[in-house]
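What follows draws every value from the coordinates through simple rules; no lab data is involved. Note that the structure is a prediction, hence the values are computed from the model and not measured. For neighbour counting, all protein chains shown are included, and Cβ atoms are generated from backbone atoms with ideal geometry for every residue, glycine included.
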Amino acid sequence: MSDDPLPTPSPNPASDRTTARTAAVIPAAGRGVRLGPGAPKALRTLGGTPMLVHAVRAMADSRAVSLVVVVAPPDGAAEVKSLLDTHALPERTDVLVVPGGESRQESVKLGLDALPPGYDIVLVHDAARPLVPVDTVDAVIEAVRDGAPAVVPVLPLSDTVKQVEPAAAPGGPEPVVATPDRSLLRAVQTPQGFDRATLEHAHATVTGNVTDDAGMVEQLGTTVVAVPGHEEAFKVTRPLDLVLAEAVLARRRLNDGF
Ligand code: CTP
Ligand code: MG
């Protein structure tokens with residue numbers, strides 16, 4: 001009985017193509033100041049393998065991901081390229097390496113600028129989250145394919161959160177001004193997934209300091225949806241996180257029976 005001449009156009013071109021090709025941009029250009037002195041964070045090893053290699057493999061483990069763009073420390077692109085050449089990746093995955101910038105935001109933009117045509121879905125994944133399971137990666141891609149222009153993996157918080165006023169002197173007591181309802185708060189992880197045009201538009205227009213890519217998309221008024229993240233997608237930020245990451249790898253080796 002329908003006399004609709006045409007289907008309603010989709011707001012998200014990526015959702016039109018269940019076969020849409022997916023690329024992952026991995027910002028890896030940070031120093032890792034909070035981790036303490038040593039090599040740039042992405043090049044520090046976990047279980048003998050550089051964190052960046054774990055992160056690239058985590059993206060390449062998804063059958064949907066056919067290109068990984070690694071954003072290397074500004075003076076370290078050649079080193080990163082040869083490092084990746086010496087570590088096996090699936091045949092189906094191409095890798096590009098580009099030099100990064102001063103801020104994470106700038107590094108992601110440089111990675112996006114290097115993306116060839118033909119990729120309609122883009123993941124942005126921190127090199128500092130080397131152990132994200134492939135099921136989480138696939139869930140993010142799936143939600144973009146289902147029509148969401150921007151998708152973030154999240155976890156509920158285990159700590160109660162307080163809003164404070166800055167202390168009068170560094171390290172001094174901070175007046176607490178509010179206790180947000182924890183049940184409505186989520187901690188955000190990566191990979192974050194996007195319809196490519198949405199992400200490119202955000203990076204071309206949003207200025208100011210934003211700590212994640214979905215935050216830029218939110219500033220455009222575009223809907224961002226959250227899907228369940230995973231505790232193993234934690235960010236290696238401080239020395240204790242290295243201990244946890246080594247423990248997760250040891251448990252995986254045990255479960256795999258070597
Ligand atoms: N990153 C980047 N370019 C920068 C800064 C950060 O590509 N100029 C990347 C990091 O390499 C990391 C991700 O952004 O994979 C998340 O940043 P974060 O965990 O803060 O890493 P660092 O900035 O390296 O750490 P720190 O803030 O402790 O120096
Ligand atoms: Mg940082």
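As a test, work out the antiparallel percent of DSSP beta bridges whose residues both lie in segment 50-178, rounded to the nearest 5.
Working: 2 of 8 bridges.
Roughly 25 percent of the beta bridges in segment 50-178 run antiparallel, per DSSP.
Please list, in chain and number order, the residues 5+ apart from A187 or on another chain whose amide H is under 5 Å from its amide H, with Hs placed from the backbone.
L155, L157
For the pair K235 and T223, how long in nm is the line joining their label points, each one 7 Å along Cα→Cβ?
2.7
On a C-alpha basis, how far is the centre of segment 179-220 from the centre of segment 49-105 in Å? Whole number, if you could?
If we compute the Cα centre of each part, the gap is 22 Å.
Using Cα springs under 10 Å in a Gaussian network model of the chain, which residue among P228, P40, P175 shows the largest mean-square fluctuation?
With Cα springs under 10 Å in the chain, the top fluctuation among P228, P40, P175 is at P175.
Roughly what percent of Cα-Cα pairs across segment 112-178 reach past 19 Å? Please report the intermediate quantities before stating the final value.
Details: 1327 of 2211 pairs.
Value for segment 112-178 (Cα pairs over 19 Å): 60 percent.
Starting from the Cα of K81, draw a straight line to each of the lysines and keep only those under 22 Å, dropping any in the same chain fewer than 8 residues away.
K81 reaches K41, K109.
Given a Förster radius of 25 Å and the C-beta distance between A39 and V164 as r, what FRET efficiency does 1/(1 + (r/R0)^6) yield to the nearest 0.05? Write down the numbers at each step before the final one.
On the way: r = 34 Å, r/R0 = 1.38.
In this case the efficiency is close to 0.15.
Determine the percent antiparallel among the DSSP beta bridges restricted to the chain, to the nearest 5.
About 40 percent, rounded to the nearest 5.
For segment 218-258, what class follows from the C-alpha gyration tensor (a ≥ b ≥ c being the square roots of its eigenvalues): rounded when a/c is under 1.5, otherwise prolate if a/b is larger than b/c, else oblate? Please report the intermediate quantities before stating the final value.
Values: a/c = 5.76, a/b = 2.09, b/c = 2.76.
The shape class here is oblate.
Classify segment 170-258: rounded, prolate or oblate, from the alpha-carbon gyration tensor (a ≥ b ≥ c, eigenvalue square roots; a/c under 1.5 rounded; otherwise prolate if a/b is larger than b/c)?
Details: a/c = 2.14, a/b = 1.28, b/c = 1.67.
It comes out oblate by the Cα gyration axes.
Identify which of P74, P130, P180 has the largest mean-square fluctuation in a Gaussian network model of the chain, with springs joining Cα atoms closer than 10 Å.
In the Gaussian network model the winner is P180.
Expressed as a rounded percentage, what relative contact order does segment 28-134 have, with Cα pairs under 8 Å and six or more residues apart? Could you put the intermediate results ahead of the total?
Working: 155 pairs, mean separation 36.6, N = 107.
Value for segment 28-134: 34 percent.
Top mean-square fluctuation among A247, A77, A55, Gaussian network model of the chain, C-alpha springs under 10 Å?
Fluctuation is largest for A247.
Arrange the following residues from fewest to most other Cβ atoms within 10 Å of their Cβ: T93, T22. Display every interim value, and only then the final one.
Numbers: T93 18, T22 24.
Lowest count first: T93, T22.
Calculate how many DSSP beta bridges within segment 131-241 are antiparallel, expressed in % of all such bridges and rounded to the nearest 5.
Working: 7 of 11 bridges.
So the antiparallel bridges amount to about 65 percent of the total.
If each Cα of the chain is one equal point scatterer, what is log10 of I(q)/I(0) from the Debye formula at q = 0.15, 0.16, 0.17 Å⁻¹?
-1.13, -1.26, -1.39
Going Cα to Cα from K162, which lysines come in below 27 Å? Please leave out same-chain ones fewer than 8 positions away.
Straight-line reach from K162, under 27 Å: K235.
When the label point is put 7 Å from the Cα of K81 along its Cα-to-beta-carbon vector, which residues of segment 55-71 have a backbone N closer than 13 Å?
Output list for this probe position: 70.
Counting only helical runs of four or more DSSP H residues, what would the 222 nm mean residue ellipticity of the chain come to if each run contributes -39,500 (n - 2.57) and the total is spread over all its residues? Don't skip to the end; give the middle numbers.
Values: 7 runs with 75 residues, N = 258.
Taking each H run of at least 4 residues, the total per residue is -8500 deg cm²/dmol.
Residue separation times 0.36 nm, minus the C-alpha to C-alpha distance between A88 and D138: what's the value?
On the way: separation 50, 0.36 × 50 = 18.00 nm, distance 2.11 nm.
The span from A88 to D138 would gain 15.9 nm if fully extended.
What is the set of long-range amide H partners of A29 at a cut-off below 5 Å, with H atoms built 1.01 Å from backbone N?
Residues meeting the amide H criterion: none.
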